[in-house]
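Here the structure comes first, spelled out in structure tokens, and everything after it is commentary.
The values are calculated or read from the model by the stated rules, or taken from the named source; none is laboratory data. In this text, all values refer to a predicted model and were calculated from it rather than measured experimentally. Methodologically, a virtual Cβ is constructed for each residue, glycine included, from the backbone with ideal geometry; neighbour enumeration extends over all protein chains shown.
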Amino acid sequence: MTPNFRLCFHLLKRSLRKRPGFISAGLMAVAMAVPATALSGSLPFLFSADLPAQQKQTVLADLAALNRLQFKDSDGRAALLFGTSMNSENLKQWLAARSQYIVSENFNYSASVKVVTPNFIYPNADVLPYREVAPPPRRQNEPSRIVTVMTNVGAQVYIQGKKSKSLMSADIAGIGTVNITSPRTGLFKIGAGLFTSLISDSGSYISFGNSLRRLAVYFHEARHSDGNGKSLGFLHAPCPENKGALAGHYACDRNQNGPYTIEGTFLRSALDNCKDCSRREKEAIRNIYADKFNRVVTTGTVTGAAAQRLITDTASETCRNLRIMNVSASAAAACNGSTAGTSAGNEIANANAAAQTVTAPETRPAWLNEQPEGVTP
């Protein structure tokens with residue numbers, strides 16, 4: 001069985017450096033770097049038997065890194081988004097409620113997913129999530145700069161079962177058959193980009209900054225385990241033309257509590273107190289979370305005072321990044337309010353589309369219903 005859509009292409013630009021030469025040594029080093037005491041409490045993941053041991057150990061190291069994080073949430077927005085105060089234990093529980101299994105790149109949807117019960121009655125049986133029809137991706141004939149990092153297969157199977165009115169299951173190597181009775185079954189498939197892209201020029205695949213980047217991916221995918229009816233799965237929207245290489249790809253959101261907002265908020269809340277992150281990693285992560293927030297796409301056109309607020313907010317965040325990154329003195333000086341400073345900053349923060357085109361929602365992007373569907377087989 002092949003689904004007629006993909007739930008989530010968690011995407012990165014290949015502009016992040018790809019260093020396969022460092023992967024083997026780095027992953028092997030992880031196996032020796034995760035003491036049992038670092039993984040206190042229940043783990044959110046069970047691993048398929050065919051997942052390479054090095055990749056499993058890397059994920060375990062990432063979870064150990066989560067235990068060491070301290071979060072900053074001065075305005076309370078992150079706590080509102082996650083529904084809990086921002087600390088490592090609460091976030092581990094949040095993740096565990098939405099994720100259970102990690103399978104390898106070799107997971108075969110057609111061979112592994114089966115119908116358990118035909119003519120099955122789902123909650124909100126006639127209410128399916130809305131999925132926009134994407135225009136053709138930009139530059140179709142050029143080599144893609146997009147790579148899949150991870151996919152929430154469990155939510156994808158649940159939606160497919162609901163559409164076909166059949167209860168579905170998935171066969172997981174070494175675990176057995178799992179009935180997909182809720183999007184919160186939390187079955188994640190590793191993509192090619194999760195273990196191939198580095199954010200640091202140091203080549204340290206197991207650096208704390210790289211663990212932080214991967215943790216954000218897990219939280220992104222976990223949001224796809226939420227929702228019901230129209231909000232089921234928190235499906236991505238196609239990116240508009242002003243998103244460059246992402247245009248036409250399902251790599252944007254039209255809501256303010258979706259996967260990209262979750263991912264960006266996690267990174268931003270963790271970064272300020274990340275004592276284990278290098279300066280270069282902090283610089284890269286700021287650009288990453290600016291990109292995630294920039295993927296919350298907008299509709300309509302705002303003019304006047306509302307448009308100026310949008311530009312001001314974007315420039316303020318950008319100039320903060322410029323000062324912390326200690327870039328050229330001329331660029332930092334330009335942040336005192338000049339148009340040049342705003343333009344230069346937005347380019348670095350990957351938020352130029354908002355400031356240049358001044359497109360924004362006439363009302364705030366939707367806050368979708370997060371409560372998950374569930375069935376009793």
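On the stretch given as the range 175-205, residues that are of a type in the set (Ser, Thr, Tyr) and modelled with pLDDT of 90 or more total 4. Among the residues here, Phe208 qualifies as of a type in the set (Phe, Trp, Tyr), under 22 Å from the mean Cα position of the chain (by Cα) and at pLDDT below 95.
A residue that is modelled with pLDDT under 85, of a type in the set (S, T, N, Q) and surrounded by 22 or more Cβ atoms within 10 Å (Cβ to Cβ) can be found somewhere in the range 308-324. Scanning the range 125-134 for residues that are exposed (fewer than 15 other Cβ atoms within 10 Å of the Cβ) and either polar (S, T, N, Q) or over 25 Å from the mean Cα position of the chain (by Cα) (or both) returns Ala125, Asp126. Taking the criterion of being buried (at least 24 other Cβ atoms within 10 Å of the Cβ) and among the basic types (Lys, Arg), the only residue of the range 216-259 that qualifies is Arg223. Of all the numbered requirements in (1) farther than 20 Å from Asn369 by Cα; (2) buried (at least 23 other Cβ atoms within 10 Å of the Cβ); (3) out of contact with any Cys (no Cβ under 8 Å at 6 or more places or on another chain), Cys274 misses one, and that requirement is (2).
On inspection, Pro240 qualifies as of a type outside the set (Ser, Thr, Tyr), closer than 29 Å to Gln371 by Cα and at pLDDT below 85. Scoring Ile262 on the criteria (1) touching a strand residue (DSSP E or B) at 6+ places or on another chain (Cβ under 7 Å); (2) surrounded by 21 or more Cβ atoms within 10 Å (Cβ to Cβ) leaves a single failure, condition (1).
A quick yes/no check of all residues on (1) touching a Lys or Arg at 6+ places or on another chain (Cβ under 7 Å); (2) without any contact (Cβ under 8 Å) to a residue 60 or more places away in the chain; (3) not in a helix (DSSP H, G or I):
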| residue | (1), (2), (3) |
| --- | --- |
| Leu212 | no, no, no |
| Val217 | no, no, no |
| His220 | no, no, no |
| Leu235 | yes, no, yes |
| Cys252 | yes, yes, yes |
| Tyr260 | yes, yes, no |
| Ala270 | no, no, no |
| Arg280 | no, no, no |
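Restricting attention to the range 137-174, the residues being at pLDDT below 85, out of contact with any helix residue (DSSP H, G or I) (no Cβ under 6 Å at 6 or more places or on another chain) and charged (D, E, K, R) number 3.
Here is a list of conditions, (1) under 27 Å from Met86 (Cβ atoms); (2) within 15 Å of the chain's Cα centre (by Cα), and Cys274 meets all of them except one; can you say which number that is? So the condition that Cys274 fails would be (2). All conditions but one from (1) among the aromatic types (Phe, Trp, Tyr); (2) over 15 Å from Asp291 (Cα atoms); (3) out of contact with any helix residue (DSSP H, G or I) (no Cβ under 8 Å at 6 or more places or on another chain) apply to Phe234; the one that does not is (3).
Of the helices (runs of 4 or more DSSP H) lying entirely inside the range 77-124, those carrying at least 3 residues that are over 19 Å from the mean Cα position of the chain (by Cα) and touching a residue at least 12 places away in the same chain (Cβ under 8 Å) are 109-112. Of all residues in the range 37-64, those that are within 17 Å of Asn210 (Cβ to Cβ) and in a helix (DSSP H, G or I) have Cβ atoms under 9 Å from Cβ atoms of residues that are among the polar types (S, T, N, Q) and at pLDDT below 75, 6 or more apart or on another chain, in Gln54/Ser24.
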